[in-house]
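This report concerns only the one structure given below.
Taken together, the values in this text are just the output of simple stated rules run on the coordinates, not laboratory data. Remember, predicted model here, so these are calculated numbers, not experimental data. Don't worry about glycine lacking a Cβ; one is built from the backbone with ideal geometry, like all the others, and counts go over all protein chains shown.
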Amino acid sequence: MSDEINRRDFLRRAALTSAGVSLSMCGLSSGNVLGANDRVRLGVIGAGRQGVDNMRNFMQHGVEVAAICDVFQPNLDKGLAAAGGKAKTLKDFRQVLDDKEIDVVIVATPDHWHPLCMVMACQAGKDVYVEKPISVAVEEGKKMVEAARKYQRVVQVGLWQRSNLHFQKAVELIQSGLLGKVSFVRTWNYSNICPEGIGNPPDSDPPPGLDWDMWLGPAPKVPYNWNRFGVGDRWSTFRYFYDYANGWPGDWAVHLMDIVQWALKVDGPTTITALGSKFYLQDNSDTPDTLQITWEYPTFVATYENRLCNGNSLHKHGYGIEFNGTDGSMFLDRSGFQVFPEMLEERDYRDLHRSEGKREHRELGKTPMMKMEQVDDGLFNHVGNLLECLRTRKTPQTDIESGHRSSSACLLGNVALRSKERLEWDVAGQKLTKGGPAAQKLLSREYRAPWKLTV
């Protein structure tokens, strides 16, 4: 078959599938909004920027906010204002769980609190919306899945891109075989910030209204530092310290790799390697400014690249996913997707094997032959999906198990980076089959007394 016929066949398949995209865009609605006779009461644990955003989406569905909890008074005040001034304000999340009238809780704390709050919520008979990544360490995530199953709770993870129509259509196209055999996927976050990064503030007394010891919770006891807390007019900088989070792999790569694993129907990688360091930034963060994680799956390789000192980006986007198949490639992010056919020179495949060493030249198409822009609100849909599952007890769009699998892939990337080891992972058994003591230790973390994670 000639290259030109291959290309025409791709365009024909793309045209046929485009009709499906257009049809799928019809009928978008807010049908999940609760009716007058439905009553769902919500407790919010963690009233920072993300927690309040999640809460507002629940409110748009008609959910009543019963209680808001945070250890920082300014966050409580902002959360209460966003709730219309009608909710109870609390500083200990256990008070939220003790309220028998609360049906569902949002866990939007810093990452190191996610497992305890989620597991204890399940034990208290609550359904849960827990932010991503679900945990700081892989073993914590396994206990979270166990708790959800043991107490038969509905748990939705905040990987809401699965509820965006254009992500769903992109996954459908990939699984239909439109791109051919996908053997490589690239994900990335690129930016360029000043060498001071988040700065080097000295340790100090905590600000008024903050219970620093409770904020630390199960994490090691250390003096207050503005960057370790980092709440303000920026994204909280706790995410750049390994005691509380996993840097960019936990903050962003988990969103990207969740789509990769969903689209290619895999639960996790078999081999993980990572390289990176702080080559440029001069701040007091733990995490690298330049990083590459490589995952090998049974049928493809995926990478995540993070640069904080150069913003030159693929497709002129600072983040995204690129699926590369034998027949075409797809660029995908929150703004939409584009599909590019493979452009082949009109030469026989036998040229690849000629003695003079000539090789076929392949060039990615310059013009997308199919595209779709964002047409709906993924987070709003995601909350609606959870509320529907509260009624039906069905598995939500991003169930705790799939959220754990996606989180684990990224956490294992950090384990490989920090241990400086090449890891081999038993996906079914959720355990390392190759990795030394340093890597094994990073799969879990010790909790500071009196906190314990028990299921």
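Quick notes
- When the square roots of the Cα gyration tensor eigenvalues are ordered a ≥ b ≥ c, the ratio a/c for the range 248-323 is 1.5 or more and a/b exceeds b/c, which makes its shape prolate.
- Between 0 and 90 degrees, the angle of helix 49-60 with respect to the longest Cα principal axis of the chain falls at about 90 degrees.
- Overall, the anisotropy analysis places the range 91-216 in the oblate class: the square-rooted eigenvalues a ≥ b ≥ c of its C-alpha gyration tensor yield a/c not less than 1.5, with a/b not exceeding b/c.
- Taking the centroid of alpha carbons for each part, the range 70-103 and the range 189-203 are 32 Å apart.
- Helices in the chain, meaning DSSP H runs of at least 4 residues, each add -39500 (n - 2.57). Divided by all residues, the mean residue ellipticity at 222 nm is -10000 deg cm²/dmol.
- Label-to-label distance, nm, for residues given as residue 150 and residue 367 (7 Å Cα→Cβ offset): 6.0
- The distance between label points at residue 275 and residue 88 comes to 5.5 nm (points 7 Å beyond Cα on the Cα→Cβ vector).
- Debye, to nearest 20: dipole size of the chain, +1 on Lys, Arg Cβ, -1 on Asp, Glu Cβ: 640
- Cα gyration tensor shape of the range 366-435, rounded if a/c is under 1.5, else prolate or oblate by comparing a/b with b/c: oblate
- Ranked 114, 166, criterion: other C-beta atoms within 10 Å, fewest first: 166, 114
- Base-10 log of normalised Debye intensity for the range 115-177 (one unit scatterer per alpha-carbon) at q = 0.18, 0.19, 0.22 Å⁻¹: -0.69, -0.72, -0.83
- The slack in the chain from residue 296 to residue 184, taken as 0.36 nm per residue of separation less the alpha-carbon distance, amounts to 39.4 nm.
- Pairs spanning more than 27 Å between alpha-carbon atoms, out of 142/441; 78/143; 150/452: 78/143.
- The calculated FRET efficiency for residue 454 paired with residue 204, based on their beta-carbon distance and R0 = 60 Å, is about 0.95.
- Legend: ranking of residues 417, 432 from fewest to most surrounding C-beta atoms inside 10 Å; resulting order 432, 417.
- Values of log10 I(q)/I(0), in the order q = 0.28 Å⁻¹, for the range 170-225 under a Debye, Cα-only, solvent-free model: -1.10
- When peptides 265-275, 134-144 are sorted by average Cβ neighbour count within 10 Å, with the highest value leading, the order is 134-144, 265-275.
- Share of pairwise Cα separations in the chain, more than 27 Å, in percent: 57
- Given charges at Cβ of Lys, Arg, Asp, Glu: the chain dipole, positive-most of 324, 396, 374: 396
- What you get for the range 44-174, charging only the Cβ of Lys and Arg (+1) and of Asp and Glu (-1), is a dipole of about 140 debye around the Cα centre.
- Protection proxy ranking, peptides 124-131, 331-338, average beta carbon neighbours within 10 Å, highest first: 124-131, 331-338
- Taking amide H positions as modeled 1.01 Å from N, with prolines and chain starts lacking one, the residues under 5 Å from residue 336 and 5 or more places away or on another chain are 374.
- The alpha-carbon of residue 431 sits under 12 angstrom from the alpha-carbons of these aspartates and glutamates, leaving out residues fewer than 8 places away in its chain: 139.
- Ordering 225, 288, 134 by the projection of their Cα atoms onto the charge dipole of the chain, which places +1 on the Cβ of Lys and Arg and -1 on the Cβ of Asp and Glu, puts 134 at the extreme positive end.
- Rounded to 10°, Cα long-axis angle of helix 73-82 versus longest principal axis of the chain: 70
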